[in-house]
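So the structure is just underneath, and the comments pick up after that.
Just so you know, all these numbers are worked out from the coordinates, no wet-lab data involved. All figures in this text were calculated on a predicted structure; none of them were measured in a lab. So basically every Cβ, Gly included, is an ideal-geometry build from the backbone, and we count neighbours across all protein chains shown.
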Amino acid sequence: SQELEQSPQSLIVQEGKNLTINCTSSKTLYGLYWYKQKYGEGLIFLMMLQKGGEEKSHEKITAKLDEKKQQSSLHITASQPSHAGIYLCGADNRGAQKLVFGQGTRLTINP
Amino acid sequence: DTGVSQDPRHKITKRGQNVTFRCDPISEHNRLYWYRQTLGQGPEFLTYFQNEAQLEKSRLLSDRFSAERPKGSFSTLEIQRTEQGDSAMYLCGGGTGLAAFFGQGTRLTVV
């Protein structure tokens, strides 16, 4: 079965700094979904990547999909306190009508 | 606001009791998903509906778990004879594809 590993597991950055979160799959990625979760709350959909080399942006958050590396990265530019939370990647398990999620990356922004 | 609402937000129950959770997606969401998330982990797939038909169930869903989606609208997830291991966040997501839009979740604590 497909597994996703996120790195780092937790990240503390100073406000205004850039940061990158990685999501690596044990199998070929056919679709990669990024979500954000505030502690104790539901998941907020950020973006979906489907093609190798695809890059999408949402405000100051950019995500890329590298099919060859079976990896996706999420980059935040000029981080703000509102970016704090848990970032989760979910993979399209081809043929299965469900997502497999990574364990999440907990992001803390220090003022 | 994703338009998906879950009720209750929190539930504390004694071991052995039955509990039922409700999820109301928006009318356009022909797909409905239930996931379970334990502390520090990513969500795990439980079950999936296409309209009123339950098309897939995870092996995580033991005989004590049952889900319904009558008339393809709201959905309920019932857990019978709860165990401490059932303590988790139960997330409901609705959508027209895999990129589910999630509700705020129901946090279950079994004491």
Practice item. Return the subset of A:K36/A:K60; A:K17/A:K56; A:K38/A:K68; A:K56/B:K71; A:K36/A:K98; A:K38/A:K98 for which the Cα-Cα distance in this structure is over 25 Å, preserving the input order. Key: A:K38/A:K68; A:K56/B:K71
Practice item. State, as an integer percentage, the relative contact order of chain A based on alpha-carbon contacts under 8 Å between residues 6 or more apart. Key: 37 percent
Exercise for review: Tell me the label-point distance for the pair A:T62, A:K27, using the 7 Å Cα-to-Cβ offset, in nm and rounded to one decimal.
Suggested key: 3.1 nm
Practice item. Mind giving me the FRET efficiency for A:Q14 and B:V111? R0 is 41 Å, r the Cβ-Cβ distance, nearest 0.05 is fine. Key: 0.50
Exercise for review: Can you pull the one-decimal nm distance between simple spin-label points at A:Q50 and A:S1, each 7 Å off the Cα toward Cβ?
Suggested key: 2.6 nm
Check your understanding: Looking at B:L32, B:A99, B:F45, which one has the Cα that reaches farthest to the positive end of the dipole of chain B (charges on Cβ: Lys, Arg +1; Asp, Glu -1)?
Key -> B:F45
Revision key, fill the gap. For B:K57, counting only aspartates and glutamates whose alpha-carbon sits under 15 Å away and dropping same-chain residues fewer than eight positions off, the answer is B:E44, B:E68, B:E78
Study note, to complete from the structure: For B:D7, B:D63, B:D24, ascending order of other Cβ atoms within 10 Å (fewest first) is B:D63, B:D7, B:D24
Practice item. Please identify the longest segment of chain A free of exposed GluC sites (Glu not before Pro), where exposed means a DSSP state other than H, G, I, E or B and no more than 15 other Cβ atoms within 10 Å. Key: A:60-111
**Study point:** In nm, spacing of pseudo-spin labels at A:K38 and B:D7 (7 Å Cα→C-beta vector)
**Key:** 2.2 nm
